[in-house]
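> To start, I am sharing the structure in question, which I have written as structure tokens.
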Amino acid sequence: MEAGGADAIHVDVMDGRFVPNLHGGPEWVKAARRATKLPLDVHLMIAEPDRYIAAFAEAGADIIGIHVEVSDALQRSLAEIRRLGKKSCAVLNPHTSEEVLRYVLGDLDQILLMTVNPGFSGQGFLSSVVPKIRRVRKLVEDAGLSIDIEVDGGISVENAKIVASEGASVLVAGSSVFGERDRAEAIQRLREAARS
Ligand code: ZN
């Protein structure tokens, strides 16, 4: 991925509770840290994320994303991520309103909008999330802040332009890159589609 031109590595961590699958963990992130110099964008799809923020920070995550649906004290958790010297990210499922973000904007480096329900790769992009990307961009702009808006799930050359033009600045690609024979070319095509 590094040789193919990726800007960062997005790591999905799944606990078998918040989502049905199991994947990742601090040891996995530690191994990824040894394998690449690219930023590691760690997406925690886990219940009780507060219990593990420090472990993932120590393992080498650069960005730590927690789901607002399972955060009891979102502001505190995001501030804790920053206190550990990492970039903070709040993650919203497709059905979750962006309203919650208003109260934590000052503690955010990145907002991740799920464009599929979390838990499995290879799902279809939910176009119903597109207006939310636009609303979140307005929220961030109105506050005069610089916060990355990331989209994750079903991103492909077909929808990269749409999400980018609505305000997404970070595009996560799974199947649309790993499913291609020439992954460097797939990354290039996605980037070109997003910038077109
Ligand atoms: Zn993810």
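> Exactly one condition in (1) within 24 Å of P20 (Cβ to Cβ); (2) in contact with a helix residue (DSSP H, G or I) (Cβ under 7 Å, 6 or more places away or on another chain); (3) within 14 Å of the ligand (Cβ to nearest atom) is false for I111; which is it?
(1)
> Can you name the condition, by its number, that I187 falls short on among (1) more than 15 Å from L126 (Cβ to Cβ); (2) within 16 Å of the ligand (Cβ to nearest atom); (3) crowded, with 18+ Cβ neighbours inside 10 Å?
Failed condition: (2).
> Is segment 67-87 home to any residue that is in a strand (DSSP E or B) and either exposed (fewer than 14 other Cβ atoms within 10 Å of the Cβ) or touching a helix residue (DSSP H, G or I) at 6+ places or on another chain (Cβ under 6 Å) (or both)?
So far as segment 67-87 goes, no, none of its residues is in a strand (DSSP E or B) and either exposed (fewer than 14 other Cβ atoms within 10 Å of the Cβ) or touching a helix residue (DSSP H, G or I) at 6+ places or on another chain (Cβ under 6 Å) (or both).
> Would you mention how many residues in segment 12-53 are away from the ligand (no atom under 16 Å from the Cβ), assigned to a loop (DSSP other than H, G, I, E, B) and under 20 Å from V172 (Cα atoms)?
2
> Can I ask one more? Scan segment 170-196 and report the pairs whose first residue is polar (S, T, N, Q) and whose second residue is buried (at least 18 other Cβ atoms within 10 Å of the Cβ), with Cβ atoms within less than 7 Å and a gap of 6+ or a chain change.
Within 7 Å, the pairs are S176/I155; S176/S156; S176/A186; S176/L190.
> Residue check: is G174 of a type outside the set (A, V, I, L, M, F, W, C), surrounded by 17 or more Cβ atoms within 10 Å (Cβ to Cβ), in contact with an Asp or Glu (Cβ under 9 Å, 6 or more places away or on another chain) and modelled with pLDDT under 95?
yes
The values are calculated or read from the model by the stated rules, or taken from the named source; none is laboratory data. Just so we're clear, the structure is a prediction, and the values are computed from it rather than from any experiment. Note that we place each Cβ from the backbone using ideal geometry, even for glycine, and neighbour counts take in every protein chain shown.
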